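Written below as structure tokens is the structure these notes are about.
Readers should treat all values here as calculations from the given coordinates under stated rules, not as data from a laboratory. Quick caveat, the model's predicted, so the values are computed rather than measured. We place every Cβ from the backbone using ideal geometry, glycine too, and count neighbours over all the protein chains shown.
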Amino acid sequence: MSTGLEFRFDGGATWLDLLATRGRTFGARPVERLTSPTRLAEWLARCQLAPDQPPSAVDVRRATELRETLRSLALAAVSGAPAPAAAVADAARWAAGASQLRLVGGQLRREPPVSTDEALARIARQALEQLTGAERDQLVSCAEQDCRWVFLDPTNRRRWCPSPACASRGRVRALRARRKAPTPAPPPHPPTPAPP
């Protein structure tokens with residue numbers, strides 16, 4: 001049974017999954033999923049970004065700040081609007097703290113981040129690379145106005161995010177709108193020609 005607090009990992013990239021840690025962001029009752037250091041630690045672990053030092057309450061606040069910074073950049077990219085300058089500067093500052101890739105025992109694996117800040121920096125760097133690269137054109141925003149989650153859609157055919165709830169609500173609303181729409185009057189019949 002769903003509580004609505006489950007983490008989502010179907011956005012196509014870790015930074016997009018970070019955006020999904022707040023659901024129905026633009027609705028009357030947003031759902032915050034990063035509610036504690038324990039929840040942040042769980043989310044980071046599922047993203048293979050568990051830091052050596054466990055997250056603190058300050059880290060939770062910083063993670064939600066980064067999330068909202070990246071959300072504003074993602075929504076601007078999808079709509080074609082100019083990116084907010086303050087958000088660009090903030091994201092660049094975050095990304096600057098990302099460590100360089102180091103091999104672990106000769107394997108292609110990253111060393112775990114030392115701190116939550118370093119984990120968040122890696123996420124910021126991934127976001128900036130995607131927002132400025134070829135995949136930028138694959139970013140879409142969910143059509144549900146209370147959701148508007150940005151996710152990757154390589155097919156360019158999706159209207160709603162991968163959440164079944166958004167697609168279901170959208171389809172029901174579209175059906176109701178069609179039912180309410182007035183039925184167009186049939187075209188007038190042309191006059192019957194008089195017999196010769």
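Annotations for the structure displayed:
- For Val31 and Asp52, the FRET efficiency from 1/(1 + (r/R0)^6), where r spans their Cβ atoms and R0 equals 30 Å, is about 0.50.
- Each of Ala89 and Ser115 was given a label point 7 Å from its Cα along the Cα-to-Cβ line. The distance between the two points is 2.2 nm.
- Scoring 15-22, 126-133 by mean Cβ neighbours within 10 Å over their residues and listing the highest first yields 15-22, 126-133.
- Taking a point 7 Å out from the Cα of Leu5 in the direction of its Cβ, the residues of region 32-59 whose backbone N falls within less than 12 Å of it are 32-40.
- Phi-based couplings in Hz for region 33-49 (Karplus 6.51, -1.76, 1.60; Gly and Pro marked x): 9, 9, 9, 7, x, 5, 5, 5, 4, 5, 4, 4, 5, 5, 8, 6, 10
- Figure legend: label point modelled 7 angstrom from the Cα of Val78 along Cα→Cβ; residues of region 130-159 with amide N under 12 Å from it are 138-153, 158-159.
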